[in-house]
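Asker: Following this message is one structure expressed as structure tokens.
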Number of protein chains: 4
Amino acid sequence: MSEPGARGGSATPAAGPIRLLITGGTFDKAYDEISGRLDFKDTHLHEMLRLGRCRLELAVRTLMMIDSLEMTDADRRLIVESCRAAAEERIVITHGTDTMTDTARALGLEGLPKAIVLTGAMVPYAFGSSDGLFNLGSALSFVQVLPHGVYIAMNGRCFAWDDVAKNRDLGVFETRR
Amino acid sequence: MSEPGARGGSATPAAGPIRLLITGGTFDKAYDEISGRLDFKDTHLHEMLRLGRCRLELAVRTLMMIDSLEMTDADRRLIVESCRAAAEERIVITHGTDTMTDTARALGLEGLPKAIVLTGAMVPYAFGSSDGLFNLGSALSFVQVLPHGVYIAMNGRCFAWDDVAKNRDLGVFETRR
Amino acid sequence: MSEPGARGGSATPAAGPIRLLITGGTFDKAYDEISGRLDFKDTHLHEMLRLGRCRLELAVRTLMMIDSLEMTDADRRLIVESCRAAAEERIVITHGTDTMTDTARALGLEGLPKAIVLTGAMVPYAFGSSDGLFNLGSALSFVQVLPHGVYIAMNGRCFAWDDVAKNRDLGVFETRR
Amino acid sequence: MSEPGARGGSATPAAGPIRLLITGGTFDKAYDEISGRLDFKDTHLHEMLRLGRCRLELAVRTLMMIDSLEMTDADRRLIVESCRAAAEERIVITHGTDTMTDTARALGLEGLPKAIVLTGAMVPYAFGSSDGLFNLGSALSFVQVLPHGVYIAMNGRCFAWDDVAKNRDLGVFETRR
């Protein structure tokens with residue numbers, strides 16, 4: 001069932017570890033009871049992977065823990081360089097949804113020989129009503145099968161980096177028209 | 001990025017609705033407070049899809065709500081025929097983990113021109129510590145990119161129907177050795 | 001076991017309905033996924049009472065849904081008058097923790113012939129890690145047994161209105177020294 | 001506000017530690033994913049007290065972890081003797097709901113100079129829809145203000161040991177008619 005392609009993709013799940021880069025976003029927001037505000041503490045990723053009973057070989061790294069509205073060009077360069085330098089061919093990045101398409105574009109333009117999937121959450125994982133765990137399972141699955149390229153995985157769907165936009169009224173991701 | 005193959009597969013997300021067949025399993029077990037036992041009531045699938053903010057076009061059908069240890073050949077035939085009769089080319093089946101490989105085998109032997117992914121949960125969705133939502137996101141993603149065939153999606157991984165077994169001591173799915 | 005006292009108290013659970021006045025506070029904060037901020041939507045009280053399988057006769061009223069840091073004198077007067085006008089002799093008030101002692105004081109100075117217990121939460125009920133449900137059970141229980149007076153129920157404890165302060169560093173309530 | 005009575009009760013919160021005796025029951029049931037059945041592992045009490053941000057001085061002891069349907073006379077004698085031997089004047093006991101009234105009776109007949117409140121849950125705490133946290137807050141509050149005696153705290157209410165029965169059809173506690 002293997003379909004080797006010029007871009008290194010395979011339509012069957014690839015072997016080898018997957019790199020998981022954490023950048024924060026709503027995904028990891030926490031409620032600070034002393035200040036009454038949302039902020040970042042430790043990532044919830046490890047707890048989520050335990051909950052999902054995920055048995056994939058993963059190399060997890062926290063690059064930053066920020067709201068993506070506060071991401072600078074320097075932050076995006078760090079993400080791009082981390083992807084370039086990673087030994088792994090398959091990378092999932094957790095990211096705030098507000099500027100996820102910007103980071104996806106910065107990565108897409110690099111044309112790295114890797115499959116990179118960005119995902120996030122509309123509601124913090126710390127809330128009972130979060131989409132975080134669903135999106136994590138989705139992104140980790142897409143990244144194992146998609147050919148090299150840069151994608152966004154949200155709402156159960158998968159979008160190419162150059163054909164996606166966040167619909168800010170509905171809070172969902174869609175292809176551009 | 002399209003890799004047309006004899007088996008109708010594609011490594012990029014396919015368009016068209018996905019059929020979601022519900023058969024019960026631990027995934028959907030509920031706690032009955034009057035009897036003190038676990039049983040089945042309504043499926044949690046719709047609530048889970050809402051939580052995941054899933055925007056895929058889905059045709060959801062409940063075939064049965066049983067523990068897979070109680071599945072009979074007649075039950076499996078119903079699952080096979082439902083898959084054959086479905087208009088959709090891509091199908092996800094929620095199923096108890098105990099005999100998931102048996103149903104996967106029954107389907108695999110049919111060689112239907114469809115991508116079929118079975119998934120379940122080790123802990124009922126009704127529990128806070130369930131892997132159900134993670135697995136649902138995983139299965140719905142795999143089914144969009146895998147070529148025609150029958151698969152099991154558990155523990156973040158994807159297994160071909162003829163190379164998977166449930167490790168009953170550890171409660172995880174693995175390839176056979 | 002009845003100890004009738006000048007202040008109408010009783011050390012055994014009183015009969016008759018209990019009034020539950022909702023004013024908002026962290027207790028009822030919700031996460032708005034479009035704005036990314038915390039705000040107020042419908043109260044969670046009814047859902048919490050269902051979860052607790054509460055069989056008390058309750059008259060539930062929402063007076064306002066605000067952060068207690070934004071409470072004005074007019075808001076407090078509304079709370080006081082609602083307590084005065086209530087047919088019930090026993091009242092629980094859900095309230096933000098930041099100025100709960102101020103409202104308790106305003107009520108305490110009125111000397112109403114009622115048992116009034118204020119409670120709240122350090123973490124919104126919408127979060128999995130909320131103290132809301134615990135505090136609600138606590139307040140509803142204290143109000144059934146305490147003599148007439150005004151109290152704050154937090155952290156499993158019960159404080160008289162004129163001997164309590166919020167320790168803002170630790171985020172807990174204590175008696176004043 | 002103190003009402004000293006022959007039975008040592010007080011309608012204002014008592015000082016001094018409260019003993020918390022754990023016996024299991026639905027309160028503490030856990031789902032075993034390997035067997036697919038409900039059983040007992042470690043108690044959830046400590047986690048619940050943390051969630052409730054409970055600042056009471058508590059002496060917590062696990063006496064047993066069993067379904068109350070399996071309680072024997074020997075088990076009940078252990079509970080009675082533990083209450084008698086406890087240094088504390090105020091005791092909360094977590095217990096299965098099925099035979100809670102039997103244990104309450106065994107304790108009531110002893111006439112110990114203590115306030116003892118039994119509570120439990122209709123749905124295991126491990127489930128998102130549990131009444132456990134509400135009942136725990138309720139019991140810990142009642143025990144601080146009730147006079148000496150034996151009580152059951154369920155459904156937000158408090159019942160004297162000799163005037164309570166579990167309505168098995170509805171799954172709630174009521175006074176006997």
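The values are calculated or read from the model by the stated rules, or taken from the named source; none is laboratory data. Owing to the predicted nature of the structure, the values given are computational and were not obtained by experimental measurement. Note that we place each Cβ from the backbone using ideal geometry, even for glycine, and neighbour counts take in every protein chain shown. These accessible areas exclude ligands, DNA and RNA; they are computed on the full protein's heavy atoms, side chains included. Shrake-Rupley method; radii C 1.70, N 1.55, O 1.52, S 1.80 Å.
Asker: Can you work out the PRE-style zone for residue A:32? Point 7 Å along Cα to Cβ, and I want the residues of the range A:120-145 with backbone N under 20 Å.
Answerer: Within reach of a label on residue A:32, which here means backbone N under 20 Å from a point 7 Å along Cα→Cβ, the range A:120-145 contributes A:124-127.
Asker: Over the heavy atoms of residue D:161, what accessible area does a 1.4 Å probe trace out, to the nearest 10 Å²?
Answerer: Counting only protein heavy atoms, residue D:161 exposes about 60 Å² to solvent.
Asker: Can you say what percent of the DSSP beta bridges in chain C, counting only those with both residues inside, are antiparallel? Round to 5.
Answerer: Within chain C, antiparallel bridges account for around 35 percent of the total.
Asker: Find how much the distance from residue B:109 to residue B:87 grows on full extension, using 0.36 nm per residue of separation minus their present alpha carbon separation; answer in nm with one decimal.
Answerer: 5.9 nm
Asker: Calculated from DSSP H runs of 4 or more alone, at -39500 (n - 2.57) each and per residue, what is the 222 nm mean residue ellipticity of the protein assembly as shown, nearest 500?
Answerer: -7500 deg cm²/dmol
Asker: As a test question: what accessible area, to the nearest 10 Å², does residue B:46 have when a 1.4 Å probe is rolled over all protein chains in place?
Answerer: Looks like 90 Å² after rounding.
Asker: Something else: Looking only at B:165, B:153, B:115, which one moves most when chain B is put into a Gaussian network model with springs between Cα atoms under 10 Å?
Answerer: Looking only at B:165, B:153, B:115, the largest GNM fluctuation is found for B:165.
Asker: Give me the summed buried accessible area for the B-D pair, 1.4 Å probe, to the nearest 100 Å².
Answerer: 1400
Asker: Taking the Cα-to-Cβ direction at residue A:60 and at residue C:170 and moving 7 Å from each Cα, how far apart do the two end points lie in nm?
Answerer: 3.2
Asker: Right, another one. Relative contact order (percent) for the range B:116-156, with alpha-carbon contacts under 8 angstrom and 6 or more residues of separation?
Answerer: Answer for the range B:116-156 is 49 percent.
Asker: A further question on this structure: List the lysines whose Cα sits under 30 Å from the Cα of residue B:29, skipping any in the same chain fewer than 8 residues away.
Answerer: Cross-link targets: B:41, B:114, B:166, D:29, D:41, D:166.
Asker: For the pair residue B:162 and residue C:47, what calculated FRET efficiency results from E = 1/(1 + (r/R0)^6), where r is the Cβ-Cβ distance and R0 = 51 Å, to the nearest 0.05?
Answerer: 0.65
Asker: Per residue, how much accessible area does chain D show when a 1.4 Å probe rolls over the protein heavy atoms, in square angstrom?
Answerer: 38
Asker: What GluC sites (Glu not before Pro) does the range A:28-89 have in DSSP loop regions with at most 14 other beta carbons within 10 Å?
Answerer: Sparse-neighbourhood loop GluC sites (Glu not before Pro): A:57.
Asker: Here is a further query. Explain nothing, just the number: relative contact order of chain A, from Cα pairs under 8 Å at least 6 residues apart, as a whole percent.
Answerer: 25
Asker: How much of the accessible area of the range D:89-177, in percent, comes from carbon and sulfur atoms when a 1.4 Å probe is used?
Answerer: Answer for the range D:89-177: carbon and sulfur cover 44 percent of the accessible area.
Asker: Heavy atoms only, 1.4 Å probe, whole protein assembly: order D:64, B:100 by accessible area, highest first.
Answerer: D:64, B:100
Asker: Looking only at other chains, what is the average number of their beta-carbon atoms within 10 angstrom of each beta-carbon in A:119-128?
Answerer: Mean shielding count: 5.
Asker: Need the C-alpha centroid separation for the range B:77-146 versus the range C:11-67, integer Å.
Answerer: Here the answer is 40 Å between Cα centres.
Asker: Same structure, new question: Would you grab the residues whose amide H sits under 5 Å from the one on residue B:118? Only those 5+ places off in sequence or on another chain, please, with H modelled 1.01 Å from N.
Answerer: Hits under the 5 Å cutoff: B:93, B:151, B:152, B:153.
Asker: Follow-up. Anyone know which of C:96, C:36, C:52 comes out most mobile in the 10 Å Cα GNM of chain C?
Answerer: The residue that fluctuates most here is C:36.
Asker: Something else: Return the sequence-ordered ³J(HN,Hα) values of the range B:72-89 in whole Hz as given by the Karplus equation 6.51 cos²θ - 1.76 cosθ + 1.60 applied to θ = phi - 60°, using x for Gly and Pro.
Answerer: Result, rounded to whole Hz: 9, 4, 5, 4, 5, 5, 4, 5, 4, 5, 5, 5, 5, 6, 4, 5, 6, 8.
Asker: Moving on to the next point. Protein chains only, probe 1.4 Å: how do C:34, A:79, D:66 rank by accessible area, largest first?
Answerer: Sorted descending by solvent-accessible area, the residues read C:34, D:66, A:79.
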